[in-house]
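Data first, discussion second: the structure below is written as structure tokens.
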Amino acid sequence: QVQFVESGGGLVQPGGSLRLSCAASGMSFTFYAMGWYRQGPGKERELVATASRGGITNYADSVKGRFTISRDNAKNTVYLQMNSLKPEDTAVYYCYAVDYPNTYWGQGTQVTVSD
């Protein structure tokens, strides 16, 4: 049974930083591309960042230069370092794993950027 444990969300002021973690179990982590989506209030879910099995990364234009995705295959964990946070980054952040046709989702962690 695939399970994810997400952590690191919370309330932060604009310009601040947070680091999200997503620890996976019940899967062959190295076989999966990993990534993060987010869904803000009243918005559709959007892709934030991905890290391929080989570690190649991609980012949404809105977060380039501010967010960094990384994976630690020894710990079965994917991270999202978020710097220079803006109010528009407020959302529930979901980690996911994909090895077509299998896709798995985390439960989500809330990130709120506000004064």
Using packing as a proxy for protection, rank 6-13, 74-81 so that the peptide with the highest average count of other Cβ atoms within 10 Å comes first.
74-81, 6-13
Of ILE56, ILE69, which has the most accessible area with a 1.4 Å probe, and how do the rest follow in descending order?
ILE56, ILE69
Rounded, prolate or oblate, given the Cα gyration tensor of the range 55-99, with a/c below 1.5 counting as rounded?
prolate
Residues whose modelled amide H sits under 5 Å from the amide H of LEU85, counting only those 5 or more places away in sequence or on another chain, are GLY15, GLY16
Rounded to whole Å and sorted largest first, list the principal axis extents of the Cα atoms in the range 1-107.
37, 25, 22
Could you tally the net charge around CYS95, taking each other residue with its Cβ under 12 Å from the Cβ of CYS95, Lys/Arg +1 and Asp/Glu -1?
+1
Whole-Å distance, taken between Cα centres, linking the range 98-115 and the range 65-81:
13 Å
Averaged over all viewing directions, the convex hull of the alpha carbons in the range 1-64 casts a projected area in nm² of 5.6 nm²
Given a Förster distance of 35 Å, report the FRET efficiency between PHE31 and SER62 from their Cβ-Cβ distance, rounded to the nearest 0.05.
0.75
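The values are calculated or read from the model by the stated rules, or taken from the named source; none is laboratory data. Keep in mind the model is a prediction, meaning the values are calculated, not measured. A quick note on method: Cβ atoms are made from the backbone with ideal geometry, for glycine too, and the neighbour counts reach across all protein chains shown. These area figures cover heavy atoms from the full protein model, side chains too; ligands, DNA and RNA do not enter into them. Shrake-Rupley method; radii C 1.70, N 1.55, O 1.52, S 1.80 Å.
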